[in-house]
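In what follows, a structure is listed as structure tokens, so that the remarks can point back to it.
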Amino acid sequence: MITDRDLRVLRSNVGPATFGGQGVAPDSLLPEFFKPQDAPAMARRLGEVLDTGSVLSMEVEVFAPASGISERPRVLSLRAARLEAEDGRIIGLVVVLNDVSEQRRSQHRLELLHRAADRIGTSLDTHRTAQDLADLLVPSLGEFASVYLVEAVFTGAEAPELAGIGGHLLQCAAVRATGPWPNGMITPGERLPPLPNVPHVINVLRGNAIVTNAREQMQLYGEGSPLGPLLIPPGGDSALVAPLFARGLALGSVVVWRKQNEPPFDRKDAQLLFEIASRAALSLDNARRFTREHRAAVTLQRSLLPLPSAQITAAQTAGIYRPARSTAGVGGDWFDVVPLPSLRVAFVVGDVVGHGLHAAVTMGRLRAAVRTIAPLDLPPDEVLMQLDDLVQGLAADADAAASEGTDIGFDGTDIGSDGTGATCLYAVYDPVTHRCAIAGAGHPPPALVRPHGTADFIELDPGPPLGVGGMPFPVTEIEVAPTSTLALYTDGMVGQPHGDIGTGMERLKSALTRECRPECNLPEAADRLVEQLSDPAPADDVTLLLARTRTVLDENTATWEFPRDPKIVPAARSVTSRQLGAWGLEDLTFTTELVVSELVTNAIRYAVGSVQLRLTRDRILVCEVSDGSNSQPRLCRARSTDEGGRGLFLVAQLTTRWGCRYGPRGKTIWAEQPLQGVPGGVSR
């Protein structure tokens, strides 16, 4: 086009069919060629070209049709320059136009595909992935977008195959609109009503993307159908529907709407949405599979953990385990409360290296080992040494499996020795002596909340993590007042996303001082602590075990010390008989005297130093005989001609259980008898 200085067209080859719209007639004003809202700005910019002689280069949209609805807005590349005569006189402008509409649309589609690859699939959360898909499509492709998924996707269950999706209900997973979501339309979390068996639904079920519109939808649903207001947005005109299929499984569908004043969708738009939906479906299936694996690991983990709370003689406990919600999956944290002989109790908390099913299985092995080793009455350091040997054995087995090419765990991770290890804290509390012995293997120290409410961390000499081997696990022994609260935890409780572990420990100490009063409800306090100190979706497992200590009342325990002399056996029987009478346990006199006689006689014969006898009454009657020897008592079956060797056999037959434990200065042989109808001797 050539114009004069008033921007009036002198010559033009832009006819009505040049760009698929209105032409430019001679004597018309050039700004009228553009959209009315753009005409003033274009007149000003073209005038600047006339005044300055600069060259204008830009892209513009033109040709708004008379109907007011543009089938496809045209994008033109415009270049304008000043036209001068030989004598320098300004004649007007020369303007060159090129149609770049299709190139720009192709570029937009390509950019949208690149954004889909960058934004969708960054999370293994189903709802987040669905919302990312809806956010990408609005406003880049339309004004409204909805994502519908089969319910199995949310639970991690097996999604239906292509041929079987018809019998599965869909649930709205995500929506997005350029403005507020219209009232009355289906929202996330709501189920989609059963769809009619109409051609376009069948077409989508077969894996095809379709182009449709509001009028066709209402005709397919039928007059008065409730589906229209639920699925068709107000003012919606043109729609795209694409299936979400991945690995041969039908996951759902995605729907995009445009309003009436926007150009309708075409087949190229449908192909674009199909490609985006295909990529999103893979991410959604990955999220579904992660949810399944995460649920399996959490289920396994929870099945291997004890009950959240327990009421035993030595303590009231409350434990909480919150699994990680991360791409790595659930970890291997655990806690346990193990009742021990003589009314004592062991508190255990540990953390296995790694995540996923393999970590949960390793945790189960370690907890089973603790449950097996703890009743042997070993000191805390020896228990950790046994666990250390077990972890080293597991690492050796993993290395052997790796060398044979079978080093892949349940969750597809390498289970070699680099991924086998754990930290652990083991504490034994005695409610009679109020003493607590603690040993740690690379684990954060426990906290102690005293009866007056002050919390402090217990200073431990930490040992190495389990699996290192060859290093001791020092034991720290402290006195714990009744109604104190011990807090054992894993690093997920004190780990800070934007801070060091020291800051997290200080926060934990302050929270324990605030929440763990002697009169507080312990399970509720544990819940509040986890809510305050951990993220809603923690990146690591969070485990907390609170134990409020108790004591056996003085009137329910009696202790005597005798010299190492065979003559004291009748005296031991006599004091036992009197004490049982004072406790109203005359029915147990004969049995208990016999047990005391055999244990004291055994200690006098094989021990060194004095002999101590202690009786403790609770829900059971505990008889303990301590001496300064470390000799191992052995249960044997005497022959008919033997004169001795029947003492421990009689003890084992007359009591519920018996055993031996070793201390820094000798050993203690204990035996327990049940009491029926006798209240416990615990103080609160």
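The values are calculated or read from the model by the stated rules, or taken from the named source; none is laboratory data. Keep in mind that what you see is a predicted model, and the values were worked out from it rather than measured. A quick note on method: Cβ atoms are made from the backbone with ideal geometry, for glycine too, and the neighbour counts reach across all protein chains shown. SASA here: full protein model, heavy atoms, side chains in, ligands and nucleic acids out. Shrake-Rupley method; radii C 1.70, N 1.55, O 1.52, S 1.80 Å.
Below is a table of values for the structure above.
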| item | result |
| --- | --- |
| Selection from the range 587-609 of residues that are among the small types (Gly, Ala, Ser) and either within 18 Å of Leu648 (Cα to Cα) or at pLDDT 90 or above (or both) | Ser597, Ala603, Ala607 |
| Test set (1) outside any helix (DSSP H, G or I); (2) farther than 19 Å from Tyr321 by Cα; (3) at pLDDT 90 or above - Ser510 fails condition number | (1) |
| Any pair with Cβ under 6 angstrom, 6 or more apart, that starts in the range 465-487 at a residue that is closer than 10 Å to Gly440 by Cα and ends at one that is open to solvent by 20 Å² or more (accessible area, probe 1.4 Å) and charged (D, E, K, R) | Phe473/Asp381; Pro474/Asp461; Val475/Asp381 |
| Lone qualifier among Val370, Val345, Val383 - being within 28 Å of the chain's Cα centre (by Cα) and either of a type outside the set (Gly, Ala, Ser) or open to solvent by less than 40 Å² (accessible area, probe 1.4 Å) (or both) | Val370 |
| One residue from Ala157, Ala117 being within 23 Å of the chain's Cα centre (by Cα), loosely packed, with under 15 Cβ neighbours inside 10 Å, not basic (Lys, Arg) and not in a strand (DSSP E or B) | Ala157 |
| Failed item, numbered, when Glu275 is tested on (1) among the charged types (D, E, K, R); (2) more than 30 Å from Arg115 (Cα to Cα); (3) surrounded by 15 or more Cβ atoms within 10 Å (Cβ to Cβ) | (2) |
| When residues of the range 307-338 are limited to those that are in a loop (DSSP other than H, G, I, E, B) and modelled with pLDDT of 75 or more, the one surrounded by the most Cβ atoms within 10 Å (Cβ to Cβ) | Ala314 |
| Qualifying residues in the range 126-142 (those that are open to solvent by 30 Å² or more (accessible area, probe 1.4 Å) and touching a Ser or Thr at 6+ places or on another chain (Cβ under 9 Å)) - the one nearest to Ser238 (Cα to Cα) | Pro139 |
| Hits in the range 587-614 (condition: assigned to a helix (DSSP H, G or I), in contact with a strand residue (DSSP E or B) (Cβ under 9 Å, 6 or more places away or on another chain) and of a type in the set (A, V, I, L, M, F, W, C)) | Leu588, Val595, Val596, Leu599, Val600, Ala603, Ile604 |
| Answer from Thr576, Thr589 - the residue that is open to solvent by 20 Å² or more (accessible area, probe 1.4 Å) and polar (S, T, N, Q) | Thr589 |
| Qualifying residue in the range 207-216 (condition: closer than 21 Å to Gln260 by Cβ, β-branched (Val, Ile, Thr) and either in a helix (DSSP H, G or I) or open to solvent by less than 20 Å² (accessible area, probe 1.4 Å) (or both)) | yes |
| Residue tally, condition touching a helix residue (DSSP H, G or I) at 6+ places or on another chain (Cβ under 9 Å) and open to solvent by 30 Å² or more (accessible area, probe 1.4 Å), over the range 143-153 | 0 |
| Pair list, Cβ under 9 Å, 6 or more apart: the range 106-127 residue touching a residue at least 40 places away in the same chain (Cβ under 8 Å) and on the phi < 0 side of the Ramachandran plot, other residue exposed (fewer than 14 other Cβ atoms within 10 Å of the Cβ) and hydrophobic (A, V, I, L, M, F, W, C) | Asp125/Ala537 |
| Residue in the range 422-433 that is modelled with pLDDT of 95 or more, of a type in the set (Phe, Trp, Tyr) and within 26 Å of the chain's Cα centre (by Cα) present | yes |
| Residue check, Ser77 modelled with pLDDT of 85 or more, more than 30 Å from Arg258 (Cβ to Cβ) and of a type in the set (Gly, Ala, Ser) | no |
| The range 168-180, residues that are under 21 Å from Met218 (Cα atoms) and open to solvent by 50 Å² or more (accessible area, probe 1.4 Å) | Leu169 |
| Pairs where the first residue, in the range 29-40, is over 16 Å from Glu59 (Cβ atoms) and the second is assigned to a loop (DSSP other than H, G, I, E, B) and open to solvent by less than 20 Å² (accessible area, probe 1.4 Å), C-beta under 6 Å, 6+ apart | Leu29/Leu7; Leu30/Leu7 |
| Filtered residue count, the range 525-564, keeping only those that are farther than 21 Å from Gln316 by Cα and basic (Lys, Arg) | 1 |
| Qualifying residue in the range 477-498 (condition: more than 22 Å from Arg550 (Cα to Cα), small (Gly, Ala, Ser) and open to solvent by less than 60 Å² (accessible area, probe 1.4 Å)) | yes |
| Where Leu195 falls short, out of the listed (1) of a type in the set (A, V, I, L, M); (2) in a loop (DSSP other than H, G, I, E, B); (3) touching a residue at least 40 places away in the same chain (Cβ under 8 Å) | (3) |
| Pairs, first among the polar types (S, T, N, Q) in the range 371-386, second surrounded by 17 or more Cβ atoms within 10 Å (Cβ to Cβ), C-beta under 6 Å, six or more apart | Gln386/Ile373 |
| Neighbours by Cβ (under 9 Å, 6+ apart or cross-chain): first from the range 44-62, of a type in the set (Gly, Ala, Ser); second in a strand (DSSP E or B) and exposed (fewer than 13 other Cβ atoms within 10 Å of the Cβ) | Gly53/Glu84 |
| Odd one out for Pro536 among (1) touching a residue at least 12 places away in the same chain (Cβ under 8 Å); (2) surrounded by fewer than 19 Cβ atoms within 10 Å (Cβ to Cβ); (3) under 23 Å from Ala324 (Cβ atoms) | (1) |
| Some residue of the range 418-435 being acidic (Asp, Glu) and without any contact (Cβ under 8 Å) to a residue 12 or more places away in the chain | yes |
| The one condition in (1) open to solvent by 20 Å² or more (accessible area, probe 1.4 Å); (2) under 11 Å from Val95 (Cα atoms); (3) among the β-branched types (Val, Ile, Thr) that Val9 fails to fulfil | (1) |
| Failed criterion for Gly584 (all others in (1) modelled with pLDDT under 90; (2) assigned to a loop (DSSP other than H, G, I, E, B) hold) | (1) |
| Cβ pairs under 7 Å, 6+ apart, first in the range 546-560 and over 25 Å from Val337 (Cβ atoms), second open to solvent by 10 Å² or more (accessible area, probe 1.4 Å) and polar (S, T, N, Q) | Ala558/Gln579; Thr559/Gln612 |
| Total residues in the range 440-466, condition open to solvent by less than 30 Å² (accessible area, probe 1.4 Å) and assigned to a loop (DSSP other than H, G, I, E, B) | 6 |
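Yes or no, residue by residue, for (1) surrounded by fewer than 16 Cβ atoms within 10 Å (Cβ to Cβ); (2) in contact with a Leu (Cβ under 9 Å, 6 or more places away or on another chain):
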site: Met185; (1), (2): no, yes
site: His200; (1), (2): no, yes
site: Val204; (1), (2): no, no
site: Leu230; (1), (2): no, yes
site: Gly235; (1), (2): yes, no
site: Ser238; (1), (2): no, no
